[in-house]
1. Sort 100-110, 212-222 for me by packing, meaning the mean count of neighbouring Cβ atoms within 10 Å per residue, highest on top.
2. Quick one, what does Rg over Rh come out to for the chain if you take C-alpha atoms and the Kirkwood Rh?
3. Can you grab the distance from the C-alpha centre of segment 301-354 to the C-alpha centre of segment 45-89, Å, no decimals?
4. Rounded, prolate or oblate: which one fits segment 280-483, using the alpha carbon gyration tensor with axes a ≥ b ≥ c (rounded when a/c is under 1.5, else prolate when a/b beats b/c, else oblate)?
5. With runs of 4+ DSSP H residues as the only contributors, calculate the mean residue ellipticity of the chain at 222 nm using -39,500 (n - 2.57) per run, divided by the residue total and rounded to the nearest 500.
6. Could you check how much of the accessible area of segment 3-258 is carbon and sulfur, as a whole percent, using a 1.4 Å probe?
7. Using each residue's phi in segment 39-51, evaluate 6.51 cos²θ - 1.76 cosθ + 1.60 at θ = phi - 60° and report the 3J(HN,Hα) Karplus result to the nearest Hz, with x for Gly and Pro.
8. Which value, in Å², gives the accessible area per residue of segment 3-258 when a 1.4 Å probe is used on the protein heavy atoms?
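The values are calculated or read from the model by the stated rules, or taken from the named source; none is laboratory data. Note that this is a predicted model, so its numbers are computed, not measured. Glycine gets a Cβ as well: all are built from the backbone with ideal geometry, and neighbour counts include every protein chain shown. All accessible areas refer to the heavy atoms of the entire protein, side chains included, with ligands and DNA or RNA removed. Shrake-Rupley method; radii C 1.70, N 1.55, O 1.52, S 1.80 Å.
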Amino acid sequence: MSATERRERIEFGDYQTPPDLAIAVCKRLVTLGIRPDIVVEPTCGMGSFVIAAAEAFPDAQHILGLERNADYLDSLRRRLIGVPNSARVELELADFFSTDWSSKLRSLRGSLLVLGNFPWVTNSAQAVIGGKNLPMKSNFQNHRGFDAISGKANFDISESMLLDTLRWFESRSGVLAMLAKTAVARKVLAHAERKSMDVRDAAVVRIDAKRHFGAAVDACLLVIRISEGPAGTGHDYTVFESLDDPTGHRVGHRMGLSIGDLEMFQKYSFMLGESPQKWRSGVKHDAAAVMELARTERGLENGKGDVCEIEPTYLFPLFKGSDVAGGGVWRQRYVLVTQRYVGEPTDGIRETAPRTWAYLVQHAEALDTRGSTVYAKNPRFSVFAVGGYAFRPWRVAICGLYKELRFRLVGPIEGCPVMFDDTVYYLSFDTEAEARETLARVTSQPALGLLSSLVFWDEKRPIKTSILNVLDWTRVDGPPRRLPSVQLDLNLARRQGAQQDAPRIDALGLAPGGAYPSSSSASEA
Ligand SMILES: C[S@@+](CC[C@H](N)C(=O)[O-])C[C@H]1O[C@@H](n2cnc3c(N)ncnc32)[C@H](O)[C@@H]1O
């Protein structure tokens, strides 16, 4: 592929749907009882969906495909030769954003199916290549403040196209059935709910984007039925794990929360409340190359490879998110924590630890130019997410980036509390007994059941404090079960309705009798 072709592929989000996937999608729509009069493929490309629709919907009177790439339309015209009833197919060279859709659709009577696959590209990817394929109103999501002014908010072009397409159904009934990133599909469904659109039987059917498009992204077929007339069944929708999954599970909103599995939520909602202790995130410093150090055979090395001769006063053992998720032993990493609470003056370091002060001053340029304005407003060399809680010796921690509910007990190392990076969330305790008791409670089946009902695994950071903080682990019925570390196979749990089977237990690191795995490091996976 030439550089120009690569650039165009990015600008136009050009991932043509393989014919077998388009056929499977149309078959699924037929089994859902969808029988359209009109099919519109708004960015039809080489036409896999146009051809699949022509075969799957013999009663459709009109199949309309639009596309901006003339070569694709030529190739589609050739592919249509010999397809039965292809006279119903009309193709048009057009740009989605400048097409007058309302007058075009007004001339097409009957129940409408909008089918296809919009471009897979974000506005920021467009910005990198200088692409112009963008909605005219770039603030379609109603961003406020700086993001709106600078046009900085990142969004998928397909999201804007899908929202435009939903508007076509404001005065007519029909079905939207489009491939999309799952995160985009959820935003579109939330929009339909906000706008109180009369949606019935919406569904997200997961597809394997790696297999079909070679893309490492969570993707799905989004199906939204919109009707005129009496009210629909509300805005809950069903998530199917594949095009062959006949049952799926229900997703929706309750009590202001997004629920990834309504059945599971209902079963474990008795655990819902306020977390007895607020979950905190690890230390934020935005200067890993300076503030994070590793002990090597040369001594204490920073991220630039410099050996640093500093006092231990402000150094704490560090577990990064991958260490917490991976469950391994401490990797001799440290972090410089310059304050015990947010805003604490830092000039005292000059006296208490002169070599540390000299090190900070030596790297002042990197530290003074940290992006966020909060650094400028606070004492020099500040860090964030510190307070009394950050210095208690025992922790129950989880990494927000990993797609598992795996909690880990972490004790002090070298007599110091362990610090985490800001991808980790944790609770802290003065005693080991309290930490163990809490670990057992947050990894009990009801607690994991509630949490997993609230997590959307396709998100970049699926585990967040907003989810952890609604778990009241004191509500676990009966004596807490003692589990060292639990890895929840979500799909398995969902399929089994999280019945008596306990989630898969990963016994990493539980030494016999619950003793710690190493005497020097009291940390446990
Ligand atoms: C992800 S591909 C999918 C193509 C086709 N819908 C399919 O499912 O095979 C996106 C298509 O959108 C077309 N496209 C991108 N931007 C467009 C625009 N502004 N107007 C019309 N078509 C556009 C691209 O040329 C490409 O064929």
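1. Ranking, from highest mean packing down: 212-222, 100-110.
2. 1.04
3. Each part's Cα centre sits 62 Å from the other's.
4. Prolate, because a/c is 1.5 or more and a/b exceeds b/c.
5. Only helices count here, giving -8000 deg cm²/dmol.
6. Answer for segment 3-258: carbon and sulfur cover 51 percent of the accessible area.
7. Once θ is set to phi - 60°, the couplings for segment 39-51 become 10, 10, 10, x, 9, 6, x, 7, x, 4, 6, 4, 5 Hz.
8. 47 Å²
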